[in-house]
Amino acid sequence: MNLNLTDEQSAIAEMARKFAENKLAPVAARLDLCESGEADRSIFLENLRGLAALGFMGMNVKAEYGGSEIGTVAFSLAITEIARACAATAVTMSVTNMVAEVIQTVASEGQKQAYLSKLCSGEYPAGGFCLSETGAGSDPAGMKTRASEDGDKWVLNGTKMWISSAEYAGIFILWAVTDPNATKGKGISCFLVEADTPGITIAKSEDKMGQHASSTNQVSFDNCRIPRSALMGELNDGFRIAVSELAGGRIGVGSLALGIGLAAMDYARQYTTEREQFGTTIASMQGPQWMMADAYTQLEASRLLLMSAASNKDEAKPFSKQASMAKLHATETANEVCYTAIQLTGGIGYTREIPLERFARDARVTSIYEGTSEIQRIIIARELLAEVQ
C-alpha cells in the first residue's frame, strides 16, 4: 500500500489548514458561546460559503455537476484540518458532502442537475439528512414518518429529530414509510424535499453539550405536499440507500474526530514545554511523556484506519467494515485524548481560558452520531462473521 499523498491531496490539506487557521480558528470560541445571535449566524454562513468557494462542499461530486471530484482521501484530509479549528463547521461540511454524494449516486439526472450545483456552489449553504426520529435513531427501520400518494403528489407527515444544519439546509433527503404493510425496513422510500416547501417546520436548535455553532433541529412535516418526481431511487428501496450511504459518512465523522483529538493534544504538548513544576518543565517528566506517546500513537492509528477506508472507497473496493473500524477507533480515541490533554494542562485545562474544554465537549458526540460506537461494533462483527461463512 502506498501511504504517500499525491500532490493534489497535499495541496487540498494545506488549503483546508490555511482556511481553518485564518477563518475558523479566530471565531470558533465566540461561535461556541452562541451569544451574538444573527451576527454569529452570519459568520457561520459566510464560512460555509467560503468552504463551498474552495470546492469543499462536493468533494466527491463530478465536475459536470459542479463538484471538485477529488476523492475521499482528500475529503478526509480536509475534514480533519477543518475540525482542528471548528468541529461545528466540520460536521456541516461532512453532512453536506454526504447529501451531495447520495444525490449523485441515487438521483435521476434531472434531480442531479437541479440540486447538486446548488450544494456545491454554496447557493444552498448546507444539505439535510432526515433519517432519525425519536424512536428510530440506532434503529432507523422503525421510523414512523409517512409518505402517502395523492394524485400527482406525495403527502409527507411525521417528525425527524437531530437533523444537523437543518436551519441552514436548502434541500433535505428524507426517508419515509411508503408501504406500512411491508416487512420492517422494506417499505421505506427516499425523497428530495426543498427546504422552503409549505408544511415544513424547523424547530429551534437543540441546546447541546458541544458543537454549538452547528444547529441540530427537529424537522416536522405536516401534510407537506411534494411532486411525485421528488422520489429518489426506486420505490420502497430507501432503507438500503440509507444503510449504504452512511458508511461514507462515517469516514467524515471519524476524520472530524481525528482533527479534534489532534488539536487537543497539539495544544497540550506545547503547554507542557512551557509550564514548569518542581523546577522543570512538565514535558521533561516521564509520566506526561508516556501520556503523550500513547495519545499520539492512537491518533496515528486512527489516521491510518481512515486512510485505509477512504482509499478503498476511492478504488471502488468494499469499505463498510473499514469505515466502521475507523469511525469507532477515531471517535473513541478523540474522547480519550481530549481528557488526556486536559489532564496534562491541569486546572487551566478545565477553564474556558484555553480551548481544551471545548474540544472535549465537541468530541463527545462523535461516538454517537452517524451510528454509535455500539452500532459500529455490531457492523464490524457482522462483517467479520460473514467472511468465514
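The values are calculated or read from the model by the stated rules, or taken from the named source; none is laboratory data. What you are looking at is a predicted structure, and each value in this text was computed from that prediction instead of being measured. Positions of Cβ are generated from backbone atoms using ideal geometry, with glycine treated the same way; all protein chains shown enter the neighbour counts.
Restricting Gly55, Gly50 to residues that are among the small types (Gly, Ala, Ser), assigned to a loop (DSSP other than H, G, I, E, B) and not assigned by TED's automatic domain parsing to the domain that holds Met209 narrows the list to Gly55. Within segment 247-269, the only residue that satisfies the criterion of being surrounded by 23 or more Cβ atoms within 10 Å (Cβ to Cβ), farther than 19 Å from Arg358 by Cβ and among the aliphatic types (A, V, I, L, M) is Ile251. Among the residues that make up segment 368-389, is at least one of them assigned to a helix (DSSP H, G or I) and under 25 Å from Leu31 (Cα atoms)? Looking for residues that are assigned to a helix (DSSP H, G or I) and under 25 Å from Leu31 (Cα atoms), one finds none in segment 368-389, hence no.
Search segment 250-286 for residues being in contact with a strand residue (DSSP E or B) (Cβ under 8 Å, 6 or more places away or on another chain) and part of a helix (DSSP H, G or I), and hand back the single one that is nearest to Thr331 (Cα to Cα). The selected residue is Thr272. Against the conditions (1) under 22 Å from Asp362 (Cβ atoms); (2) in contact (Cβ under 8 Å) with a residue 12 or more places away in the chain; (3) among the acidic types (Asp, Glu), where does Asp207 fall short? Just the number, please. With respect to (1) under 22 Å from Asp362 (Cβ atoms); (2) in contact (Cβ under 8 Å) with a residue 12 or more places away in the chain; (3) among the acidic types (Asp, Glu), Asp207 is out only on (2).
Against the test of being of a type in the set (Gly, Ala, Ser) and within 23 Å of Ala213 (Cα to Cα), the options Gly55, Gly66 yield a single qualifying residue, Gly55. Gly158 satisfies every condition listed in (1) under 18 Å from Gly199 (Cα atoms); (2) without any contact (Cβ under 8 Å) to a residue 60 or more places away in the chain except (2). Of note, Gln289 does not satisfy the criterion of being in contact (Cβ under 8 Å) with a residue 12 or more places away in the chain and in a helix (DSSP H, G or I).
Number of residues in segment 313-367 that are under 22 Å from Asp207 (Cβ atoms) and of a type in the set (Lys, Arg) equals 4.
When each of Glu69, Glu101 is tested for being within 16 Å of Ile12 (Cβ to Cβ), in contact with a helix residue (DSSP H, G or I) (Cβ under 7 Å, 6 or more places away or on another chain) and of a type in the set (Asp, Glu), the lone residue that passes is Glu69. Say we look at segment 194-213 and pick out the residues that are closer than 17 Å to Phe129 by Cα and touching a Cys at 6+ places or on another chain (Cβ under 7 Å); which of these is surrounded by the most Cβ atoms within 10 Å (Cβ to Cβ)? Per the stated criteria, the residue is Ile200. Are any of the residues in segment 309-321 over 15 Å from Gly248 (Cα atoms) and touching a helix residue (DSSP H, G or I) at 6+ places or on another chain (Cβ under 9 Å)? No, segment 309-321 has no match at all. Taken over segment 1-22, the residue count meeting the criterion of being under 13 Å from Ala90 (Cα atoms) and either without any contact (Cβ under 8 Å) to a residue 40 or more places away in the chain or touching a strand residue (DSSP E or B) at 6+ places or on another chain (Cβ under 9 Å) (or both) is 0.
Candidates in segment 310-321 are the residues that are touching a residue at least 60 places away in the same chain (Cβ under 8 Å) and assigned to a helix (DSSP H, G or I); of these, the one that is surrounded by the fewest Cβ atoms within 10 Å (Cβ to Cβ) is Asp314.
Part of a helix (DSSP H, G or I), under 23 Å from Phe359 (Cα atoms) and in contact (Cβ under 8 Å) with a residue 12 or more places away in the chain - does that describe any residue in segment 33-40? So far as segment 33-40 goes, yes, one or more of its residues are part of a helix (DSSP H, G or I), under 23 Å from Phe359 (Cα atoms) and in contact (Cβ under 8 Å) with a residue 12 or more places away in the chain.
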